[in-house]
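Data block below; observations after.
The values are calculated or read from the model by the stated rules, or taken from the named source; none is laboratory data. Just so you know, these numbers come straight off a predicted model, no measurement behind them. Positions of Cβ are generated from backbone atoms using ideal geometry, with glycine treated the same way; all protein chains shown enter the neighbour counts. Surface areas here come from the heavy atoms of the whole protein model, side chains and all, with no ligands, DNA or RNA. Shrake-Rupley method; radii C 1.70, N 1.55, O 1.52, S 1.80 Å.
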Amino acid sequence: MSFKAAAEPGVKSANGFVPLSEPYLNGREWEYVKECLDTGWVSSVGSFVDRFEAAVAERVGARHGVSCVNGTAALHMALLACDVRPDDEVIVSSLTFVAPVNAVRYVQAHPVFMDADYDTWQMDVKKVERFLREHCLVRDGACYNKTTSRRIRAILPVHILGLACDMEKIVTLAREFHLKVIEDACEGMGVTINARHVGSFGDVGVFSFNGNKIITCGGGGMCVTSDEDLTQRIRYLTTQAKDDPIEYIHHEIGYNYRLTNVLAAIGLAQLEQLDHFLEKKRDMARRYEQGLIIIEGVSLMPKINGVDSSYWLYTILLDDKFSFEERRRLMGQLNRLGFGCRPLWHPVNTLNPYAHELSFEVERTPDLYRRAISLPGSVTLTHEDQRRFMEALILLAGRLAG
Ligand SMILES: *Cc1c(COP(=O)(O)O)cnc(C)c1O
């Protein structure tokens, strides 16, 4: 029996639009979802939830996975399980999607924003080290911020765009300063550092299976960890903190954050195709590298020593001769021509809810934001569409430069 997805690859691009990042659902998604419907196992208990959790944990190289409704909820649970409390501080990337910072506020802790560095675009570990050594102190096995007197409980590096933070350095610093490490690996599925998967370095790694990520459930997320206690804790919190199998007894405030079996079924089918997706993405990146090297004033996505990137969002940087207005105009023109291009995230430390929080020498993040453009990079991107896109980009960027 065949369960071919109704949508052929690139069906959304049939109107000519080349999307930034669209899902590709041509594996066993239909078959697995049908199995859920045929058996009646549609809710948050079921074999696909267990199989998906086990498969993600295995892929990441961690002992356990606990699925959640989305990556943001998984970040919330990771912070709670790591005992981040009201009025604590969490060191977090400033060049990131807003979700991990919001999660810090869900537990009523405060972010301390860390800069990105030019070589990797990820959290600047030299600044992390300087911040900890010069502005913090350790007393009775706990780390305190000397400026605010608050306890710093954790560090939350965000692996962005399919690249990776320097986890060896971050974990070493975290041990020295008694900090928990929560890795936001929501954009990092398939990314390794010296052959070890991101999300397996910290106390908890967090993944997202939102529609724009490299593999998707439609919406979904997961905490992975090798720690038994953290696993139990996250499972408990995500299932309403249920303390008795029969009676409705809850000793703590719980959450209804579990993923449903139907969505886990889609996720499992997606995970089965991850290696194929990674191949496609890496091939796309090589084409961008070869095709765009000739544009003056544009730098390509960085290569980081030891990191095998997934190129989740292939992103370029315009150099200083382009103004911010020109970058915006170029992006607008490309979108009008039918090519999905996007800016990076507005520096989170300057957003309305966060402008009053502590930022440590955040200087590169606004500049990277000002100069970056993410390019069409779906698994469905054809060589022909990519060639047409690069032609348009080269022409328009050349006009601006000229
Ligand atoms: C997508 C994403 C999230 C949030 O995941 P959702 O599943 O959309 O809640 C968190 N952090 C980063 C860096 C992301 O890219």
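Overview of values
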| quantity | calculated |
| --- | --- |
| Qualifying aspartates and glutamates (Cα of each under 18 Å from Cα of residue 169; at least 8 residues distant if same chain) | 115, 117, 119, 124, 129, 134, 183, 184, 203, 308 |
| Under Karplus coefficients 6.51, -1.76 and 1.60, residue-wise ³J(HN,Hα) of the range 170-178 in Hz, glycine/proline x | 5, 5, 4, 4, 4, 4, 4, 9, 6 |
| Max mean-square fluctuation residue, GNM over the chain, Cα-Cα springs under 10 Å, options 380, 216, 147 | 147 |
| In the range 239-289, the chymotrypsin sites (Phe, Trp or Tyr not before Pro) that fall in loop regions by DSSP, at most 15 other Cβ within 10 Å | 248 |
| Trypsin sites (Lys or Arg not before Pro) lying in DSSP loop within the range 131-236, provided at most 10 other Cβ fall within 10 Å | 146 |
| Antiparallel bridge percentage (DSSP; both residues within the chain; nearest 5) | 55 |
| Nearby lysines by direct alpha-carbon distance to residue 242 (threshold 18 angstrom, same-chain neighbours under 8 apart not counted) | none |
| Those lysines that a straight Cα-Cα span of less than 26 Å connects to residue 280, excepting residues fewer than 8 apart in one chain | 4, 12, 213, 303 |
| Where the chain is the region considered: accessible area per residue in Å², 1.4 Å probe | 43 |
| Vicinal HN-Hα couplings computed from phi for the range 223-236 (Karplus, 6.51 cos²θ - 1.76 cosθ + 1.60; Hz; Gly/Pro x) | 9, 10, 7, 9, 8, 5, 5, 4, 4, 4, 4, 5, 4, 4 |
| Radius 15 Å from Cβ of residue 232, net charge of other residues (Lys, Arg +1; Asp, Glu -1) | -3 |
